[in-house]
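Novice: Input: one structure, supplied below.
The values are calculated or read from the model by the stated rules, or taken from the named source; none is laboratory data. Keep in mind that what you see is a predicted model, and the values were worked out from it rather than measured. All Cβ positions, glycine included, derive from the backbone under ideal geometry; neighbour counts span all protein chains shown. Accessible surface is based on the protein model in full, side chains and every heavy atom, while ligands, DNA and RNA are left aside. Shrake-Rupley method; radii C 1.70, N 1.55, O 1.52, S 1.80 Å.
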Amino acid sequence: MKTDERPLGSLGRGSLRWVEMTGRIVIDDLRPRTPGSDHPAKATVGASVRVSADIFRDGHAVLAARVRWRPASDAKGSDAPMDDLGNDRWEAVIEPSTLGLHTFMVEAWTDHFATWCRDVTLKHDAGQDIDLELEEGAHILATRASDVSPDDRPLLAAATSALRDGNRSVADRLGAALHPAVAATLARVPEPADLTASRPMGLWVDRERALGGAWYELFPRSEGGLRGAADNRLEAVAAMGFDVVYVPPVHPIGRAHRKGPNNTLVAGPDDPGSPWAIGSADGGHTAVAPELGTLDDFDYFVERASAVGLEVAVDYALQCSPDHPWVAEHPQWFHHRPDGSIQYAENPPKKYQDIFPINFWPQSDSARDELWTACLEIIEFWIGHGVAIFRVDNPHTKPVAFWEWLIPRVRDAHPEVVFLAEAFTRPKVMAKLAEVGFSQSYTYFTWRTSKVELAEYLVEVSQGPQADYMRPNFWPNTPDILAAPLRNGPPAAFRLRLVLAATMVPSYGIYSGYELCENDPASVANEEYLFSEKYELKQREWDTTDSLAPLVTRLNEIRGAHPALAQLPNVVVHPTNSAYLLAWSRFTDDRSDVVLVVVNLDPYAPHDDTLSIDLEVLGLPWDVPYEAHDELTGTTYTWQGPNPYVRLDPDGQSAHVLSLRAPDRAAPVVR
């Protein structure tokens, strides 16, 4: 913001200290932004970004404002006028078209001509003499002529001449100056006298996949290794409509303290161990486990995935088994106990004897430099093998400073890279990781089950301040988490949680076996799976008649057909009386695509209710019928007014995914 610096003594305080003062025009609460504005907010290529700010000044003069933005690597920028939304809040929409870092700022100024237009019109309509006001208008136009382009100056000159032409009627003189073309010409050009600018803000522009996509996690070792999974499973994953196939660590697994089935402390000779116990005599983070194949087999997996329309995400897990080469080569990179032994990982009461956490802050600066550089080289290695998406294991157990160092270095060279934070941690830690650069984050959706919890969380992640920089990725299950109500839950529980995850936010994922409704928990108190795939191979019958694969496929088709489901901010939760029916809508800015989702959160009993739809915010008529087309069943309902009746039975249909269309609105094409 433009400021005024004067000695405090000149303000009557008798001090020699200097103070920075707010200028006459105030620009506050600029969004999008991160909490400290030291890191860029987030956007995606081609997607609309709402830039807003509080803008005001003393008195009643009319203000004008604009947003100016540009890629950081480009000296030439663009600008867009801002609209006054009321209550001193202003907004403009911009659409960055290139990857990478951008900067933007808001500029505001007093629009003296618009102020004159308002006041002179009021006086003229009241029958007052406005001869002096006509000369004031002419003076403003003559003064502003030098600020506009040469092509626009004749227009202003003609209006100036008309205002000063005493031979014409007052109405004609005034009408020439109030012509919309005159106001439009001046509105594009700021007045330099009190032009006020906000501080420049950062905006990191990602590719589309950083915001939206459907993820599917699978263990290649359960599918015959990398080549077996490539040949036998990828086509089925792609056929269900997924965009990303994510694989746990593919690196050699240590033998020391290898875990057996169900996380037992003793492994048999044929037990595969946990993929997160990384490193053995066969190599570390840049090697492939022999039981999975070779690096050539990994390349084949990536190529086959690409051929069927899938991107590969790999696990970036910065930890080591006791057998990892780093343990012997760089002992200073690990935590040592008083007896000289290396500290294994613990999350009391859980113990991970097969994993050594890395000490990211060794005593020696040179050791830290070497370690951090080695971690960066791991990323570079896998980028070289066709990977552009990294799911980062437990990023909250590493210093924030490390991520502030690593992510910008990767992005500078590879702006297409996407980082998903597996940060099931405290809210402020999760938010900070997003702020310093993570593209997406796992969220608390996994544990949000009640109507109130889900409604509040949907609004929080979509419209709250964190939505400027933290993108959610909803997972109803992971290899570590079989969350309620899935634990011993019926298929209806899996269906409703799937619909919630797939339609609430642009990115969601499932861990393989979800479509088979695998629901056996390790124990009453332990939310992990019984016979977890983390410690053993799983042989599954994928072609069962009761698989949820058809529902998964249909939901992904719906997601692909509806732009409303591919963006984050436009969401409204609609009131319902039932404690079990949750209803919300997502819609595009122009309301050309409106999707209403209603879910029965009770997997055991039917529930019905009368909805209260906010038709105004959805751009739908109150007085004429509109269509509600259920994308899940193909049924089209004709509704009128805001209170349609719905009934959902978990034994049949647990949810509606409805495309709402006014009579004159074309239907979207489902691929």
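Novice: Considering region 572-600 alone, what residues qualify as being touching a Phe, Trp or Tyr at 6+ places or on another chain (Cβ under 6 Å) and surrounded by fewer than 20 Cβ atoms within 10 Å (Cβ to Cβ)?
Specialist: The one that is touching a Phe, Trp or Tyr at 6+ places or on another chain (Cβ under 6 Å) and surrounded by fewer than 20 Cβ atoms within 10 Å (Cβ to Cβ): V573.
Novice: All but one of (1) touching a residue at least 60 places away in the same chain (Cβ under 8 Å); (2) more than 19 Å from R471 (Cβ to Cβ); (3) open to solvent by 70 Å² or more (accessible area, probe 1.4 Å) hold for R50; which doesn't?
Specialist: Among (1) touching a residue at least 60 places away in the same chain (Cβ under 8 Å); (2) more than 19 Å from R471 (Cβ to Cβ); (3) open to solvent by 70 Å² or more (accessible area, probe 1.4 Å), R50 violates only (2).
Novice: Just to verify a result, which residue in region 267-323, among those that are among the hydrophobic types (A, V, I, L, M, F, W, C) and over 34 Å from the mean Cα position of the chain (by Cα), is nearest to I358 (Cα to Cα)? Walk me through it before giving the result.
Specialist: Going residue by residue through region 267-323, those that are among the hydrophobic types (A, V, I, L, M, F, W, C) are 267, 276-278, 281, 287-289, 292, 295, 298, 301-302, 305, 307-308, 310, 312-314, 317-318, 320.
From the residues that got through so far, the ones that are over 34 Å from the mean Cα position of the chain (by Cα) too are 267, 281.
Working: A267: 24, A281: 19 Å.
Checking each candidate, the answer is A281.
Novice: Identify all residues within region 82-115 that are open to solvent by 70 Å² or more (accessible area, probe 1.4 Å), part of a loop (DSSP other than H, G, I, E, B) and either at pLDDT below 95 or farther than 20 Å from T196 by Cβ (or both); write none if there are none.
Specialist: Hits for region 82-115 are E95, S97, L99.
Novice: Go through region 231-259 residue by residue and tally those that are farther than 16 Å from D323 by Cβ and surrounded by fewer than 17 Cβ atoms within 10 Å (Cβ to Cβ).
Specialist: Residues meeting the conditions: 5.
Novice: Oh, and also: Would you confirm whether any residue within region 545-564 is within 23 Å of V461 (Cα to Cα), assigned to a loop (DSSP other than H, G, I, E, B), modelled with pLDDT of 95 or more and of a type outside the set (F, W, Y)?
Specialist: Checked against the condition, which is being within 23 Å of V461 (Cα to Cα), assigned to a loop (DSSP other than H, G, I, E, B), modelled with pLDDT of 95 or more and of a type outside the set (F, W, Y), region 545-564 yields at least one hit.
Novice: Considering only region 309-332, I want to know if a residue exists there that is at positive phi and either part of a loop (DSSP other than H, G, I, E, B) or at pLDDT below 95 (or both).
Specialist: yes
Novice: Here is a follow-up. Which ones in region 86-103 are free of Cβ contacts under 8 Å to residues at least 60 places away in the same chain and not charged (D, E, K, R)?
Specialist: Listed by number, the residues that qualify are G86, N87, W90, A92, I94, S97.
Novice: Also, I was wondering about something else. Considering only region 509-529, state which residues are hydrophobic (A, V, I, L, M, F, W, C) and not in a loop (DSSP other than H, G, I, E, B).
Specialist: Matches in region 509-529: I510, L516.
Novice: Given the criterion basic (K, R), surrounded by fewer than 20 Cβ atoms within 10 Å (Cβ to Cβ) and under 30 Å from D54 (Cβ atoms), identify the matching residue among R118, R164, R168, R153.
Specialist: It is R118.
Novice: Are any of the residues in region 335-356 of a type in the set (A, V, I, L, M, F, W, C) and touching a Leu at 6+ places or on another chain (Cβ under 8 Å)?
Specialist: No, the conditions are met nowhere in region 335-356.
Novice: Against the condition without any contact (Cβ under 8 Å) to a residue 40 or more places away in the chain, more than 22 Å from K350 (Cβ to Cβ) and of a type in the set (D, E), how does E460 come out, does it pass?
Specialist: yes
Novice: Please determine, by comparing only the residues of region 487-511 that are within 24 Å of the chain's Cα centre (by Cα) and of a type in the set (S, T, N, Q), which one is farthest from H656 (Cα to Cα).
Specialist: Only one residue tops the list, namely S507.
Novice: Okay, next question. For region 482-497, enumerate the residues that are in contact with a helix residue (DSSP H, G or I) (Cβ under 7 Å, 6 or more places away or on another chain) and open to solvent by 10 Å² or more (accessible area, probe 1.4 Å).
Specialist: As a first pass, look at region 482-497 and keep what is in contact with a helix residue (DSSP H, G or I) (Cβ under 7 Å, 6 or more places away or on another chain): 483, 485-486, 494-495.
Result: P485, R495.
Novice: Identify all residues within region 512-566 that are over 19 Å from T446 (Cα atoms), surrounded by 15 or more Cβ atoms within 10 Å (Cβ to Cβ) and of a type in the set (V, I, T); write none if there are none.
Specialist: Hits for region 512-566 are T553, I558.
Novice: Working only within region 389-412, note down all residues that are under 24 Å from T44 (Cα atoms) and either free of Cβ contacts under 8 Å to residues at least 12 places away in the same chain or assigned to a loop (DSSP other than H, G, I, E, B) (or both).
Specialist: Residue satisfying the conditions is D412 alone.
Novice: Please enumerate the residues belonging to region 216-230 that are in contact (Cβ under 8 Å) with a residue 60 or more places away in the chain and either open to solvent by 30 Å² or more (accessible area, probe 1.4 Å) or within 28 Å of the chain's Cα centre (by Cα) (or both).
Specialist: Across region 216-230, the qualifying residues are Y216, E217, L218, F219, R221, R227.
Novice: Condition check: open to solvent by 40 Å² or more (accessible area, probe 1.4 Å), assigned to a strand (DSSP E or B) and in contact with a Gly (Cβ under 8 Å, 6 or more places away or on another chain). Does R68 satisfy that?
Specialist: Numbers: open to solvent by 40 Å² or more (accessible area, probe 1.4 Å): yes; assigned to a strand (DSSP E or B): yes; in contact with a Gly (Cβ under 8 Å, 6 or more places away or on another chain): yes.
Considered against the rule, which asks whether it is open to solvent by 40 Å² or more (accessible area, probe 1.4 Å), assigned to a strand (DSSP E or B) and in contact with a Gly (Cβ under 8 Å, 6 or more places away or on another chain), R68 comes out as yes.
Novice: Kindly provide the set of residues from region 355-383 that are part of a helix (DSSP H, G or I), of a type in the set (A, V, I, L, M, F, W, C) and open to solvent by 20 Å² or more (accessible area, probe 1.4 Å), ordered by number. Give the derivation first.
Specialist: Taking region 355-383 and keeping what is part of a helix (DSSP H, G or I), we get 365-383.
Keeping just the survivors that are of a type in the set (A, V, I, L, M, F, W, C) gives 367, 371-372, 374-376, 378-379, 381-383.
Within region 355-383, W372, L376, F381, I383 qualify.
Novice: Since V189 meets every condition but one in (1) closer than 30 Å to T110 by Cβ; (2) open to solvent by less than 50 Å² (accessible area, probe 1.4 Å); (3) touching a residue at least 60 places away in the same chain (Cβ under 8 Å), which condition does it not meet?
Specialist: Among (1) closer than 30 Å to T110 by Cβ; (2) open to solvent by less than 50 Å² (accessible area, probe 1.4 Å); (3) touching a residue at least 60 places away in the same chain (Cβ under 8 Å), the lone unmet condition for V189 is (3).
Novice: Could you check how many residues of region 601-635 are in a strand (DSSP E or B), over 24 Å from N570 (Cα atoms) and either open to solvent by less than 20 Å² (accessible area, probe 1.4 Å) or not charged (D, E, K, R) (or both)? Show your work before the answer.
Specialist: First pass over region 601-635, keeping only residues in a strand (DSSP E or B): 607-610, 626-630.
Imposing the further condition that a residue be over 24 Å from N570 (Cα atoms) reduces the set to 607-609.
Now restrict to residues that are either open to solvent by less than 20 Å² (accessible area, probe 1.4 Å) or not charged (D, E, K, R) (or both): 607, 609.
Summing the residues that are in a strand (DSSP E or B), over 24 Å from N570 (Cα atoms) and either open to solvent by less than 20 Å² (accessible area, probe 1.4 Å) or not charged (D, E, K, R) (or both) in region 601-635 gives 2.
Novice: Residue check, G36 against (1) within 17 Å of D194 (Cα to Cα); (2) modelled with pLDDT under 95, all met but one. Which one?
Specialist: Among (1) within 17 Å of D194 (Cα to Cα); (2) modelled with pLDDT under 95, G36 violates only (1).
Novice: Something else: On the basis of being closer than 30 Å to L310 by Cβ, assigned to a loop (DSSP other than H, G, I, E, B) and open to solvent by 40 Å² or more (accessible area, probe 1.4 Å), does G386 make the cut? Before you say what the answer is, go through the steps one by one.
Specialist: Numbers: closer than 30 Å to L310 by Cβ: yes; assigned to a loop (DSSP other than H, G, I, E, B): yes; open to solvent by 40 Å² or more (accessible area, probe 1.4 Å): yes.
The answer is yes for G386.
Novice: Moving to a separate point now. Scan (1) of a type in the set (A, V, I, L, M, F, W, C); (2) under 21 Å from the mean Cα position of the chain (by Cα); (3) open to solvent by less than 50 Å² (accessible area, probe 1.4 Å) for the single condition V45 breaks and write down its number.
Specialist: Evaluating V45 over (1) of a type in the set (A, V, I, L, M, F, W, C); (2) under 21 Å from the mean Cα position of the chain (by Cα); (3) open to solvent by less than 50 Å² (accessible area, probe 1.4 Å) leaves (3) as the failure.
Novice: Determine the pairs where a residue that is at pLDDT below 95, located within region 483-511, has a partner that is open to solvent by 10 Å² or more (accessible area, probe 1.4 Å) with Cβ atoms under 7 Å apart, the partner being 6 or more residues away or on another chain.
Specialist: Close Cβ pairs satisfying both conditions: A483/W447; A483/E527; A484/T449; P485/T449; P485/P603.
Novice: Return only the number of the condition from (1) under 29 Å from the mean Cα position of the chain (by Cα); (2) exposed (fewer than 14 other Cβ atoms within 10 Å of the Cβ) that Q343 does not satisfy.
Specialist: The failed condition is (1).
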